[in-house]
1. Of all residues in the stretch 99-110, which are in a loop (DSSP other than H, G, I, E, B) and either in contact (Cβ under 8 Å) with a residue 40 or more places away in the chain or within 11 Å of GLY162 (Cβ to Cβ) (or both)?
2. Would you please name the residue that is nearest to LYS314 (Cα to Cα), looking only at residues in the stretch 59-103 that are touching a Ser or Thr at 6+ places or on another chain (Cβ under 7 Å) and among the β-branched types (Val, Ile, Thr)?
3. If the Cβ limit is 9 Å and pairs must be 6+ apart or interchain, which residue in the stretch 234-256 that is more than 30 Å from VAL64 (Cβ to Cβ) pairs with which residue that is part of a loop (DSSP other than H, G, I, E, B) and among the acidic types (Asp, Glu)?
4. Just for the stretch 260-275: of the residues that are β-branched (Val, Ile, Thr) and not in a loop (DSSP other than H, G, I, E, B), which one is surrounded by the most Cβ atoms within 10 Å (Cβ to Cβ)?
5. Would you mind stating whether PRO126 is of a type outside the set (Asp, Glu) and either surrounded by fewer than 23 Cβ atoms within 10 Å (Cβ to Cβ) or in a loop (DSSP other than H, G, I, E, B) (or both)?
6. Do the conditions hold for ILE310, that is, is it among the β-branched types (Val, Ile, Thr) and either in contact (Cβ under 8 Å) with a residue 40 or more places away in the chain or not assigned by TED's automatic domain parsing to the domain that holds MET120 (or both)?
7. Quick check on my filter: what residues within the stretch 26-84 are acidic (Asp, Glu), outside any strand (DSSP E or B) and closer than 22 Å to ILE125 by Cα?
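The values are calculated or read from the model by the stated rules, or taken from the named source; none is laboratory data. Computed from a predicted structure; not experimentally measured. Here the Cβ positions follow ideal geometry from the backbone for every residue, glycine too, while neighbour counts run over all protein chains shown.
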Amino acid sequence: MKFSLLGSCAVCAVLTGTVITAHAQGTFPNRVVRIIVPSTSGGGGDALARLLAHHLTERWGKQVIVENRTGASNMIGGEFVAKSAPDGHTLLNGISTLAINPSTHKKTLYDAQRDFAPIMHAVSIPNILMVHPSLPAKSATELAAVARARPGQLLYGSGGHGTNNHLVVELFGAMTSTKLTHVPYKNSGPALVDTIGGQLMVFATNMILGVPHVRSGRLRAIGITSLQRSSSVADIPTLHESGLPGFEAVQWYGLLAPAGTPRDITDKIYRDAAAVLKMPEVRDRLSADGAIVIGANGEQFAAFIKSETIKWAKVVKAAGIVPE
């Protein structure tokens, strides 16, 4: 009899917990939702997060805010989300370093494929490879020739060891059999400033940040890193068509929640975020910035992150980059 009573109580507890959980999930969101951006404000990921936050606030009737938590090759923000409650109220605007850091760091602050629940691969933004106007190179072929003539003398900056703009130039070096010298910064902003100032000769960044400086003449475009030209800068060739077939190194962004977040919550976030990306004014805004809307679901995003991790591991090995 005691056994039956204890068993009944256990069942009641499970059922009660189920009801409470279902109720909590059904009312999502019931408070402020935070989208954590692991990079500095003003970049491509930050712009996307703020665009989503604005429209999701309107849809949900609850405030969605953006927080920038930078540092450790974008891992500080990711670690914060990975350790947050798995209830959908703290999301990560994941970026390309999720797939790069495992190869460029001896120890990461989280396991990108274990500690998150991918929700949506939102957009991809091609990078643009640029040089200071004083450098006698106007194409990928000419840049490779200069680099061969000055082995190790061309300095290029990045937002830190293992960041996307670091590996874009390393991929260029690997595919052209040239060696450029890496100068890592704490974030991309100062590296861009020093390239404009002539302290550095080569720099790669996403089109949102790079194109305005090309248009102003402060930097010269060598090529963009997608396989197809961007409609927003159709006059700039791709590296793929400039003698480096298969060259592709885009920055990508997407939403992730902490692992263990209930599926009905991640599904709701996906549906509503995908609806935002389909809005004409949102698509036009992103397209003007050179972004390519993807809108892939969580399963597709998880597979993409896995494939990108494998891809960049090969690049890191080929470039001889030593994990820090």
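1. Here is the first cut: in the stretch 99-110, the residues in a loop (DSSP other than H, G, I, E, B) are 105-110.
Passing the criteria: HIS105, LYS106, THR108.
2. So, considering only residues that are touching a Ser or Thr at 6+ places or on another chain (Cβ under 7 Å) and among the β-branched types (Val, Ile, Thr), the one nearest to LYS314 (Cα to Cα) is THR97.
3. Final answer for the pair search is THR238/GLU248; LEU239/GLU248; HIS240/GLU248.
4. Within the stretch 260-275, the first condition is being β-branched (Val, Ile, Thr), and the residues that meet it are 261, 265-266, 269.
From what is left, the residues that are not in a loop (DSSP other than H, G, I, E, B) are 265-266, 269.
Values: ILE265: 21, THR266: 23, ILE269: 25.
That would be ILE269.
5. Working: of a type outside the set (Asp, Glu): yes; either surrounded by fewer than 23 Cβ atoms within 10 Å (Cβ to Cβ) or in a loop (DSSP other than H, G, I, E, B) (or both): no.
Considered against the rule, which asks whether it is of a type outside the set (Asp, Glu) and either surrounded by fewer than 23 Cβ atoms within 10 Å (Cβ to Cβ) or in a loop (DSSP other than H, G, I, E, B) (or both), PRO126 comes out as no.
6. Working: among the β-branched types (Val, Ile, Thr): yes; either in contact (Cβ under 8 Å) with a residue 40 or more places away in the chain or not assigned by TED's automatic domain parsing to the domain that holds MET120 (or both): no.
It is false that ILE310 is among the β-branched types (Val, Ile, Thr) and either in contact (Cβ under 8 Å) with a residue 40 or more places away in the chain or not assigned by TED's automatic domain parsing to the domain that holds MET120 (or both).
7. Our first condition is that a residue be acidic (Asp, Glu); within the stretch 26-84, this holds for 46, 58, 67, 79.
So of that shortlist, the ones also outside any strand (DSSP E or B) come out as 46, 58, 79.
Matches in the stretch 26-84: ASP46 only.
Yes or no, residue by residue, for (1) of a type in the set (Val, Ile, Thr); (2) within 23 Å of ILE224 (Cα to Cα); (3) without any contact (Cβ under 8 Å) to a residue 40 or more places away in the chain; (4) surrounded by 13 or more Cβ atoms within 10 Å (Cβ to Cβ):
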{"residue": "ASP284", "(1), (2), (3), (4)": "no, yes, yes, no"}
{"residue": "ALA291", "(1), (2), (3), (4)": "no, yes, no, yes"}
{"residue": "PHE301", "(1), (2), (3), (4)": "no, no, no, yes"}
{"residue": "GLY320", "(1), (2), (3), (4)": "no, no, yes, no"}
